Amino acid sequence: MLQAIQHYIGWRNWAVFRYNSVFENFFVLLIIALLQQAFHWNFVLRSLVFILFSILATTYGYLINDYSDRELDRQHGKPNTFEKDSAVKARMVLLSVLLLFVVAGIPFWNQPYFLPLIALWFLITTFYSLPPIRLKERGALNIVFVTMAQRLLPILILFSAFDFWEAKYVLPISLYVLLRGLSSDINHQLEDYKNDVKTGTRTFVVSMGYQRVKKLFNINLHLEKIMLAVLLVQFSLDLSFSAIILNGLWWLTAALYFLALFWFLLDKRQWQTNPFDAQSRSLSQFLHHAYPSVGLPLMLNVILSVLYFPFILLLIFQIIIRRLYSLEMIGGNFLVRFLIQRFRGE
């Protein structure tokens, strides 16, 4: 049983934690808690249930893609979750995960727009890969569908689950998540370009041309960084805490991003670095991933835990999925390495 969970729900070494829009943008959930002043156990409990729901939804999305791409992955020489399974067993696994996903979502069914958003997400996610519709091979349109299914809709579903529809926050946050998702999805297609050309897979990059999309990718990376700066300004204007130390912690967190962004904009050499390069610990990677996915939600969670201690459960969750207990992981962070180098005078 545990082995099956590891293999299917723990898709590719628990990638459902790393490639999950809700976890990538975990700061959104925490900002909602602060803006709603939801300092009560009900919010924490609903957050934990929503985390489980999100894990199952992400698992279904990746499994349906693997199920549909079994033959294509074999041609590409890529690993596939179902490569050793029969079609019948694969379908049973998919149906089981789908059933668990539906059950986990029951507590949110009465929330405004929740069921329509889930239905739209399910249709796009299923038919993005599944023949005969297979939206992923619809040329330029496929990037729209994948970004909606994997990035934008999960955040809208989060807004719905916690009944958070203030336009002055929902619109800019959604735009930021959309831009960030486009960066990730375009990068993935750029990496798969040669294999997709070889197998005749009509992705967005294949249809539009590699160099053209590469330029679009670089522009989008800049827009994403600027949009996060806009959000931080907005949050700074609206967040205020009675304790001076909490205000100081928030302003320090926001200032760190602006200092890093200013440095990035001045140093054009940094513009050429790819934040998705697994071997790189660049400033670009810090601005795209380390800060919004780790640093920002971590500091927001610390603030929330001071205001209402049970939020420490979400903090522990973050520490576990980000492996922040690992000295090797912490030491590899761009900011930590930069500070150590400056301390040593390097």
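The values are calculated or read from the model by the stated rules, or taken from the named source; none is laboratory data. The structure displayed is predicted, hence computed values, not measured ones. Neighbour counts are summed over all protein chains in view; Cβ atoms, including those assigned to glycine, are modelled from backbone coordinates with ideal geometry. Calculation scope for accessible area: heavy atoms of the full protein, side chains included, ligands and nucleic acids excluded. Shrake-Rupley method; radii C 1.70, N 1.55, O 1.52, S 1.80 Å.
Look at Leu175 and say whether it is farther than 29 Å from His76 by Cα, open to solvent by 10 Å² or more (accessible area, probe 1.4 Å), in a helix (DSSP H, G or I) and modelled with pLDDT of 90 or more.
Here the answer is yes, as Leu175 does meet what is asked.
Conditions first: (1) without any contact (Cβ under 8 Å) to a residue 12 or more places away in the chain; (2) of a type in the set (A, V, I, L, M); (3) open to solvent by less than 70 Å² (accessible area, probe 1.4 Å). Ala161 passes all but one, so which condition is the exception?
(1)
Would you confirm, using the coordinates I've provided, whether Leu237 is exposed (fewer than 12 other Cβ atoms within 10 Å of the Cβ) and under 23 Å from Val177 (Cβ atoms)?
Yes: the conditions hold for Leu237.
Limited to the stretch 202-244, what total is found for residues that are in a helix (DSSP H, G or I), farther than 30 Å from Asp192 by Cα and either touching a residue at least 60 places away in the same chain (Cβ under 8 Å) or among the aromatic types (Phe, Trp, Tyr) (or both)?
The qualifying residues number 3.
Could you check how many residues of the stretch 258-301 are exposed (fewer than 13 other Cβ atoms within 10 Å of the Cβ) and closer than 21 Å to Arg322 by Cα?
Counting residues in the stretch 258-301 that are exposed (fewer than 13 other Cβ atoms within 10 Å of the Cβ) and closer than 21 Å to Arg322 by Cα gives 3.
Here are the criteria: (1) open to solvent by 20 Å² or more (accessible area, probe 1.4 Å); (2) touching a helix residue (DSSP H, G or I) at 6+ places or on another chain (Cβ under 9 Å); (3) modelled with pLDDT of 90 or more. Tell me which single one Arg202 does not satisfy.
So the condition that Arg202 fails would be (3).
Considering only residues that are among the aromatic types (Phe, Trp, Tyr) and open to solvent by 10 Å² or more (accessible area, probe 1.4 Å), look in the stretch 21-42 and name the one that is nearest to Tyr62 (Cα to Cα).
Ranking the qualifying residues of the stretch 21-42, first place goes to Trp41.
Which is of a type in the set (Gly, Ala, Ser) and loosely packed, with under 13 Cβ neighbours inside 10 Å, of Ser86, Ser129, Ser68, Ser96?
Ser86
Six or more apart or on different chains, Cβ under 7 Å: which pairs go from a residue in the stretch 112-137 that's under 16 Å from Ser54 (Cβ atoms) to one that's acidic (Asp, Glu) and open to solvent by 50 Å² or more (accessible area, probe 1.4 Å)? Could you list them?
none
Filtering the stretch 17-59 down to residues that are among the aromatic types (Phe, Trp, Tyr) and in a loop (DSSP other than H, G, I, E, B), which residue is farthest from Arg151 (Cα to Cα)?
Once the filter is applied, the top-ranked residue is Phe39.
Under the condition of being in contact with a Ser or Thr (Cβ under 6 Å, 6 or more places away or on another chain) and in a helix (DSSP H, G or I), which residue from the stretch 261-292 is modelled with the highest pLDDT?
Checked the stretch 261-292; the qualifying residue modelled with the highest pLDDT is Ser284.
May I ask you to verify whether Ile320 is modelled with pLDDT of 95 or more, surrounded by fewer than 19 Cβ atoms within 10 Å (Cβ to Cβ) and farther than 19 Å from Phe217 by Cα?
No, not satisfied.
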